[in-house]
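Student: Got a structure for you, written out below as structure tokens; questions coming shortly.
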Amino acid sequence: MMERLTRFFASRMGIILVGAIIGIFGPLLQKLGNPANMGICVACFERDIAGALGLHRAGVVQYIRPEIVGFVLGSMVAAFLFREFKARAGSAPIVRFVLGAFAMIGALVFLGCPWRAGFRLAGGDLTAVVGIIGLVVGIWIGVQFLRSGYNLGRSQKTYTAVGWILPLLMVGLLLLLIFKPVFSEGGPIFFSESGPGSQYAPLAVSLIIGLAIGFLAQRTRFCTMGAVRDVILMRDFHLLSGLAALIVFAFLTNLVFGQFKLGYAAMPVAHTSFIWNILGMLLAGLAYTLAGGCPGRQLFLAGEGDGDSAIFVLGMITGAGIAHNFNLAAKADSIVDGVVKTGGPSEFGMIAVILGIVVCLAIGFTMRQKA
Amino acid sequence: MTKTVDARGLSCPQPVIMAQKAISEGEFPVEVMVDTVTSRENVRRTAERLGCKVSISQKEDEFTLVITK
């Protein structure tokens, strides 16, 4: 029975079904309160968590997102149920941390991870196309490194307890969300009173949907970066069919809920700074490829005991703190007196993206095994 | 002679790249060792897509895939 389920989830139908389910859940979460075109954005939601903990003080993006907690714990449940939980670690953790931090900075210059790029597109935001072009180019560069022998080395099997660390951290976050302790006057835990951080679906719904997606994605190995990488690397359309299903079903669900609005400028939490939409996502795509998974996939891997993915996740959360503290994250387009004011990153953000690309290229060039 | 590819401890797509390279060299059987179900399924799918037959055996939590043409 379990083996047959495993086969189904590994099949083309399995991945399409799961992509479709995620595609429906995203806009549904928006309908229930999550920010527009941000049904589920792994990068944005980890950034909100960083804010809630006070790792950055951007008041509009602070909330402990239960979806992220659910992703890790749902994956863990699936991994235990199917006997795939396996604690492993030790494949160049410091590199994974750096890749995570720069992946987040790149994503916050675009204002979203590949998941959100899909949801933005499905909501009619045409700037997402620009980001996706950057993402594909970034992944293409990463694939060239993979082809020339890049890899971060083998992980080692380790104590089961190692695999529990990130899931337990997630349980801790959930408790902080439920009990909302105030650690000092004017101190954390912070919860946004306005802006995207103040917009959220009911806790239980977000958590249950997060758990469901975590479970299904662990079974199917759903990965938005892998979707593009596998096509470039070996003309394998398996994962891409899942991502395509996500976008198609998110589009249809948006139509049903009246959430589809076609446009380019001043779209929800997005900007029209063309070059930085491209370069931000290029950096993110390259970093995901070098680290072996999109931000969602890293959470699912961490849930099944992968300590290296857990380090990548912590790198992303740290990167979010850096991105906002140092004014690297892009500003969204705004409308001032009826005129669209173009958003985008500060000069610091631009420099950080270039620096990130240089660092990723250096990692790619210097960490290749000669055959 | 059996060609052995040890992809244990490597995360995808590494095992797939290694298996693909071994298959393209055209000497069969190719034996691929992996230690996650994800890698097992990915290598199996890729080998079958390339028109090969795959038989899988398991020892504790490691898998050996024997790929033949």
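Read the figures in this text as sums done on the coordinates, not as results from a lab. The structure presented is a predicted model; accordingly, all values stated were derived computationally and were not measured. Cβ: placed from backbone, ideal geometry, glycine included. Neighbour counts: every protein chain shown.
Student: What shape does the stretch A:212-284 have by the C-alpha gyration tensor, where a ≥ b ≥ c are the square roots of the eigenvalues, rounded means a/c under 1.5, and otherwise prolate means a/b greater than b/c and oblate the rest?
Tutor: Oblate, because a/c is 1.5 or more while a/b does not exceed b/c.
Student: Further question on the same structure: Could you check the simple spin-label distance between residue A:369 and residue A:274, using points 7 Å along Cα→Cβ, in nm with one decimal?
Tutor: My value for the distance between the label points is 4.3 nm.
Student: OK, next. Loop-only check: which chymotrypsin sites (Phe, Trp or Tyr not before Pro) in the stretch A:98-191 are DSSP coil with at most 15 other Cβ within 10 angstrom?
Tutor: Taking the stretch A:98-191 and a limit of 15 other Cβ atoms within 10 Å, the loop chymotrypsin sites (Phe, Trp or Tyr not before Pro) found are A:159, A:183.
Student: How big is the stretch A:78-178 by Rg and Dmax over its Cα atoms, in Å?
Tutor: According to the Cα coordinates of the stretch A:78-178, Rg and Dmax are 17.6, 48 Å.
Student: Which value in nm describes the separation of the simple spin-label points at residue A:31 and residue A:361, placed 7 Å from the Cα toward the beta carbon?
Tutor: 4.6
Student: Please work out the FRET efficiency for the pair residue A:179 and residue A:94, using the Cβ-Cβ distance as r and a Förster radius of 35 Å; give the result to the nearest 0.05.
Tutor: Once rounded, the FRET efficiency stands at 0.55.
Student: Let a ≥ b ≥ c be the square roots of the eigenvalues of the Cα gyration tensor of chain A; is it rounded (a/c under 1.5), or, if not, prolate (a/b larger than b/c) or oblate?
Tutor: rounded
Student: Using the Karplus curve 6.51 cos²θ - 1.76 cosθ + 1.60 with θ = phi - 60°, what ³J(HN,Hα) values do you get for each residue of the stretch A:18-31, in whole Hz, with x for Gly and Pro?
Tutor: 5, x, 5, 4, 4, x, 7, 5, x, x, 4, 5, 5, 4
Student: OK, next. Hey, could you grab the Kirkwood Rh for the stretch A:300-371? Inverse mean 1/r over distinct alpha carbon pairs, Å, one decimal.
Tutor: Averaging 1/r across every pair of different Cα atoms and inverting gives 15.1 Å.
Student: Residues of A:222-229, mean number of Cβ from any other protein chain within 10 Å of their own Cβ, rounded to a whole number? If you can, show how the numbers build up before the last one.
Tutor: On the way: counts 0, 1, 0, 0, 3, 0, 0, 2.
Per residue, the number of nearby Cβ atoms from other chains is 1 on average.
Student: Which trypsin sites (Lys or Arg not before Pro) in the stretch A:1-72 pass both tests, a DSSP loop state and at most 14 other beta-carbon atoms within 10 Å?
Tutor: Sites meeting the loop and neighbour criteria: A:57.
Student: Taking residue A:157 as the anchor, which aspartates and glutamates have their alpha carbon closer than 18 Å to its alpha carbon, excluding any fewer than eight residues away along the same chain?
Tutor: By straight Cα distance, residue A:157 reaches A:84, A:304, A:306, A:308, B:6, B:35, B:60, B:61, B:62.
Student: Might you list the cysteines of chain A that have no disulfide-compatible partner by the rule of another cysteine's Cβ under 4.7 Å?
Tutor: A:113, A:223, A:294, A:360, each lacking another Cys Cβ under 4.7 Å.
Student: Which links in A:86/A:370; A:370/B:69; A:31/A:261; A:370/B:3; A:31/A:331 stretch past 21 Å when you go from one Cα to the other?
Tutor: A:86/A:370; A:370/B:69; A:31/A:331
Student: Okay, moving on. List the GluC sites (Glu not before Pro) within the stretch B:18-63 that fall in a DSSP loop (any state other than H, G, I, E or B) and whose Cβ has at most 14 other Cβ atoms within 10 Å.
Tutor: Here the GluC sites (Glu not before Pro) that fit, given the DSSP loop and packing criteria, are B:25, B:27, B:60.
Student: Rounded to the nearest 0.05, what FRET efficiency do residue B:60 and residue A:204 give with R0 = 41 Å and r taken as the Cβ-Cβ distance? Could you check? Walk me through the numbers on the way to the answer.
Tutor: Values: r = 40 Å, r/R0 = 0.97.
After rounding to 0.05, the efficiency reads 0.55.
Student: What longest range of chain A stays clear of loop-exposed GluC sites (Glu not before Pro) (DSSP non-H/G/I/E/B, at most 11 other C-beta within 10 angstrom)?
Tutor: In short, A:1-184.
Student: Mind pulling the angle between the C-alpha long axis of helix B:37-49 and the longest principal axis of chain B? Nearest 10 degrees, somewhere in 0 to 90.
Tutor: The two axes meet at around 10 degrees.
Student: Tell me the label-point distance for the pair residue A:80, residue A:327, using the 7 Å Cα-to-Cβ offset, in nm and rounded to one decimal.
Tutor: A separation of 4.7 nm, rounded to one decimal place.
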